[in-house]
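To keep things clear, I will list the structure first and then write my remarks on it.
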Amino acid sequence: MKKLIDEMRATKVAAGELAIFYLGQAGFWFKTSNDKNIVIDPYLSDAAERLFGFKRMNPPVIDPNDLDVDYFIATHSHIDHLDTDTLPDVVAKQSVRFIGAPDCEEEFRKQGLSSDRFTILAEGQSCSFDSLSVRAVYADHGELAPDAVGMLIDVDGFTIYQCGDTAYQPERILASLQTTPDIMIAPINGAFGNLNALEACRLAEEIHPRLLIACHFWTFLEHVGENGLGDPSVFLNEAKKLPNDIQAIVLPSGRSVIFKTKGG
């Protein structure tokens with residue numbers, strides 16, 4: 001478990017680069033050239049099994065106490081995105097700033113966060129801190145989480161769009177997004193109201209990021225969609241149909257990629 005966190009801490013990010021570490025499920029850690037660390041939707045416990053019987057198919061890649069980050073972002077309050085068993089370790093680190101969808105506020109307060117340590121963003125709302133800006137984007141997670149949003153993150157010259165949990169609603173999403181991100185992260189499980197592999201690629205073709213990363217797969221058996229459309233190999237086959245200037249990848253949990261500015 002320490003191997004990944006040691007790698008993350010040792011990784012030196014050059015100007016014009018962004019390090020992206022996949023934490024499993026929908027969780028990602030971004031490290032910038034000015035050593036800013038941002039985490040979004042980390043699920044690093046067994047809370048889903050404890051509360052709902054959803055057993056992990058693979059162990060957490062880092063310990064919650066190792067989340068030495070500047071910003072913690074949550075797209076909505078579902079346990080695999082706003083992990084109530086991970087939060088106490090992060091809340092204890094007084095320098096961390098929290099950003100979340102409207103349904104995250106209750107849990108932020110329950111965890112003892114004061115109002116000056118978190119920001120709530122509904123669709124269309126944004127916030128800025130130093131070199132980071134975040135804007136909430138439309139997501140359709142239905143009655144499961146009506147306040148769920150995607151998050152558009154601008155940091156160190158890069159724009160990252162984490163779709164969050166959403167169904168295929170291209171017109172609504174594009175109207176809310178209003179930009180072309182460098183990186184798009186999309187669920188592919190095709191269950192519980194989420195995009196499947198085919199829909200994730202179709203949405204990427206509409207949005208046209210430079211890099212498309214699959215997420216929300218192979219953490220719980222209950223999250224596997226029908227007809228193989230939650231399978232990352234199906235995602236990669238569908239991605240072959242995308243324009244050549246859209247690169248699609250699948251990162252195993254605990255693996256990373258260095259993304260560079262255009263022409264880098």
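The values are calculated or read from the model by the stated rules, or taken from the named source; none is laboratory data. Treat the numbers as computed from the prediction; the structure is a model and nothing was measured. All Cβ positions, glycine included, derive from the backbone under ideal geometry; neighbour counts span all protein chains shown. Just the protein is used for accessible areas: all its heavy atoms, side chains included, with ligands, DNA and RNA removed. Shrake-Rupley method; radii C 1.70, N 1.55, O 1.52, S 1.80 Å.
To put it simply, the accessible area of region 147-211 at a 1.4 Å probe is 39 percent carbon and sulfur.
Near Lys241, once Lys and Arg are set to +1 and Asp and Glu to -1 for all other residues with Cβ below 14 Å from its Cβ, the sum equals -3. Per the Kirkwood formula applied to alpha carbons, region 113-260 shows a radius of gyration over Rh ratio, Rg over Rh, of 0.96. Only Lys, Arg, Asp and Glu carry charge here, each on its Cβ (+1 for the first two, -1 for the last two); on that basis the chain has a dipole of about 760 debye about its Cα centre. Summing charges over all other residues whose Cβ lies under 12 Å from the Cβ of Ala19, with Lys and Arg as +1 and Asp and Glu as -1, gives +2. Taking all C-alpha pairs of the chain, those more than 35 Å from each other amount to 7 percent. Here the Gaussian network model covers the chain, with springs between Cα atoms less than 10 Å apart; of Asp156, Asp116, Asp103, Asp116 fluctuates the most. Within straight-line reach of Lys110, meaning a Cα separation under 17 Å, sit the following aspartates and glutamates at least 8 residues removed in sequence or on another chain: Asp83, Asp85, Asp89.
Of the listed residues Asp41, Asp245, Asp130, the order by accessible area with a 1.4 Å probe, largest first, is Asp130, Asp245, Asp41.
Shown are Ile120, Ile207, whose ranking by accessible area with a 1.4 Å probe and every protein chain present, most to least, is Ile120, Ile207.
Summing Lys, Arg as +1 and Asp, Glu as -1, what charge do residues with Cβ under 11 Å from the Cβ of Asp70 carry, Asp70 excluded? That sum, taken over residues with Cβ under 11 Å, equals +1. Protein heavy-atom surface of region 1-89, 1.4 angstrom probe: 52% of the accessible area is carbon and sulfur, with nucleic acids and ligands not counted.
Measuring only protein heavy atoms, the 1.4 Å probe finds Thr261 accessible over about 60 Å². Protein-only accessible surface at a 1.4 angstrom probe places the residues Lys93, Lys110, Lys262 in the order Lys262, Lys110, Lys93, largest first. Note on region 200-264 and region 21-96: Cα centroid distance 20 Å, given to the nearest whole angstrom. Computed over region 112-159, the P(r) tail beyond 12 angstrom holds 66 percent of alpha carbon pairs.
For region 1-135, the C-alpha radius of gyration sits at 1.03 times the compact-globule guess of 2.2 N^0.38 Å, with N the residue count. Evaluated over the Cα positions of region 1-51, the convex hull gives a direction-averaged projected area, one quarter of its surface, of 4.0 nm².
Here region 1-120 is treated with +1 on each Lys and Arg Cβ and -1 on each Asp and Glu Cβ, and its dipole about the Cα centre works out to around 220 debye.
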